[in-house]
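Novice: Mind looking over this structure? Questions follow.
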Amino acid sequence: MSNQQAKILIFDSGVGGLSVYKEIHNKLPQLEYLYIFDNEAYPYGELDHDTLIARVDNLVTSLVEKYNIDLVVIACNTASTIVLPTLRAKLTIPVVGVVPAIKPASNLANKAVGLIATPATITRPYTHELIRDFSQSKPVELLGSTRLVDIAEEKLRGKSVDLDELKKILLPIENKIDVAVLGCTHFPLIKDEIQIVLSDRVLLVDSGEAIARRVEDLLRIEKEEREVGTREIFSTAPPWKEGALNKALNHLGFSSVQHYPIAI
Ligand code: DGL
């Protein structure tokens, strides 16, 4: 593959995929990045199955064609647990998904694992298969929350996280676990705050670094090519607090949000 020009498309419902982008960009700053978030249908954690598949399929396949993309990352656990077979059947380029890091978490745990994810992810058969296959010996406590996703969206727009509110949300698993899986890509954006609330006794695990390694392997990038590539970002609806959001995005090296309405 002609490495310097490799174009990667990162997909999420909101800003969560930026946590995955950061990990990939750390390793591969020379790639050209396109990021799309389907905020018109946010939150994906409360969206019905068929609508979610249709939207991701439509957006990803149209962008891949329009921009000549080399690799797609579905940087959303909620989507990855159901859309990957459909996308892989349609596209000829690699499609990397993000699913909850149950296996490494279970290996690290002494007591029990907490899976913090969206309400949809904790009910998905895919998630329950992961638990059955990779955490036989450690119990997994499930916590599904859309409010946590909103808190990450707010933080990226400059609002500080209310630790008392966070504590109330995490209370059901707080004392039961010694490892927590951040099973939604929004949550690494509020990792520091989650760590404060759960204390140092709980180890936090996410999939970001593993995804970056997978992308690196698939693209077979030459290490010496370190020039920084372009970074563009699209949304399916005008984002709320667009000014504050653009500030954070510009800080990450993206140009301001461009609108990319869905055609269904
Ligand atoms: N960032 C997403 C995930 O990893 C979805 C958040 C949402 O829209 O509910 O699951």
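Novice: Could you please find all residues in segment 218-254 being loosely packed, with under 14 Cβ neighbours inside 10 Å and modelled with pLDDT under 95?
Specialist: 220, 222, 223, 224, 226, 227, 228, 230
Novice: Do you know which residues across segment 81-108 are touching a Lys or Arg at 6+ places or on another chain (Cβ under 6 Å) and either part of a helix (DSSP H, G or I) or modelled with pLDDT under 95 (or both)? I'd like the intermediate steps shown before the answer.
Specialist: To start, the set of residues in segment 81-108 that are touching a Lys or Arg at 6+ places or on another chain (Cβ under 6 Å) comprises 81, 95-96, 106.
The answer is 81, 106.
Novice: Which of the residues spanning segment 86-101 are among the β-branched types (Val, Ile, Thr) and more than 16 Å from the ligand (Cβ to nearest atom)?
Specialist: So the first thing to find is which residues in segment 86-101 are among the β-branched types (Val, Ile, Thr), and the list is 86, 92-93, 95-96, 98-99.
86, 92, 93 - these are the residues of segment 86-101 that are among the β-branched types (Val, Ile, Thr) and more than 16 Å from the ligand (Cβ to nearest atom).
Novice: Enumerate the pairs (first residue in segment 135-153 and among the polar types (S, T, N, Q); second residue anywhere and modelled with pLDDT under 95 and away from the ligand (no atom under 16 Å from the Cβ)) with beta-carbon separation below 7 Å, excluding pairs fewer than 6 apart on the same chain, so at least 6 apart or on different chains.
Specialist: Filtered contacts from segment 135-153: no entries.
Novice: Within segment 109-131, work out how many residues are within 16 Å of the ligand (Cβ to nearest atom), crowded, with 20+ Cβ neighbours inside 10 Å and in a loop (DSSP other than H, G, I, E, B).
Specialist: 3
Novice: Does segment 9-30 hold any residues that are within 11 Å of the ligand (Cβ to nearest atom) and out of contact with any helix residue (DSSP H, G or I) (no Cβ under 9 Å at 6 or more places or on another chain), and which are they?
Specialist: If the condition is that a residue be within 11 Å of the ligand (Cβ to nearest atom) and out of contact with any helix residue (DSSP H, G or I) (no Cβ under 9 Å at 6 or more places or on another chain), then 17 is the only one that fits.
Novice: Check whether at least one residue in segment 163-175 is within 12 Å of the ligand (Cβ to nearest atom) and at pLDDT 95 or above, and report yes or no. Reasoning before the result, please.
Specialist: Here is the first cut: in segment 163-175, the residues within 12 Å of the ligand (Cβ to nearest atom) are none.
No, every residue in segment 163-175 fails to be within 12 Å of the ligand (Cβ to nearest atom) and at pLDDT 95 or above.
Novice: Would you check which residues across segment 9-30 are in a loop (DSSP other than H, G, I, E, B), aliphatic (A, V, I, L, M) and at pLDDT 95 or above and list them? Before the answer, list the steps.
Specialist: Looking only at segment 9-30, we keep the residues that are in a loop (DSSP other than H, G, I, E, B), and these are 13-16, 28-30.
If we keep only those that are aliphatic (A, V, I, L, M) as well, we get 15, 28.
Passing the criteria: only 15.
Novice: Take segment 36-92 and flag every residue that is surrounded by fewer than 16 Cβ atoms within 10 Å (Cβ to Cβ), free of Cβ contacts under 8 Å to residues at least 40 places away in the same chain and touching a strand residue (DSSP E or B) at 6+ places or on another chain (Cβ under 9 Å).
Specialist: The one that is surrounded by fewer than 16 Cβ atoms within 10 Å (Cβ to Cβ), free of Cβ contacts under 8 Å to residues at least 40 places away in the same chain and touching a strand residue (DSSP E or B) at 6+ places or on another chain (Cβ under 9 Å): 88.
Novice: At least 3 residues that are over 13 Å from residue 15 (Cα atoms) in each: list the strands (runs of 3 or more DSSP E) lying fully within segment 139-242 that qualify. It would help to see each step written out before you state the result.
Specialist: On the way: elements: 140-144, 179-182, 203-205, 231-235.
Per the criteria, 140-144, 179-182, 203-205.
Novice: Scan 64, 83 and give me the residue that is of a type in the set (A, V, I, L, M, F, W, C) and either within 16 Å of the ligand (Cβ to nearest atom) or in contact with a Ser or Thr (Cβ under 6 Å, 6 or more places away or on another chain) (or both). I'd like the intermediate steps shown before the answer.
Specialist: Numbers: 64 fails: either within 16 Å of the ligand (Cβ to nearest atom) or in contact with a Ser or Thr (Cβ under 6 Å, 6 or more places away or on another chain) (or both).
That would be 83, the only listed residue that is of a type in the set (A, V, I, L, M, F, W, C) and either within 16 Å of the ligand (Cβ to nearest atom) or in contact with a Ser or Thr (Cβ under 6 Å, 6 or more places away or on another chain) (or both).
Novice: With the requirement that a residue be in a loop (DSSP other than H, G, I, E, B) and within 14 Å of the ligand (Cβ to nearest atom), what does segment 31-58 give you? Give the derivation first.
Specialist: Here is the first cut: in segment 31-58, the residues in a loop (DSSP other than H, G, I, E, B) are 31, 38, 42-43, 47-48.
Listed by number, the residues that qualify are 38, 42, 43, 47, 48.
The values are calculated or read from the model by the stated rules, or taken from the named source; none is laboratory data. Since we're looking at a predicted model, the values are computed, not measured. Virtual Cβ from ideal backbone geometry, glycine too; neighbours counted across all protein chains shown.
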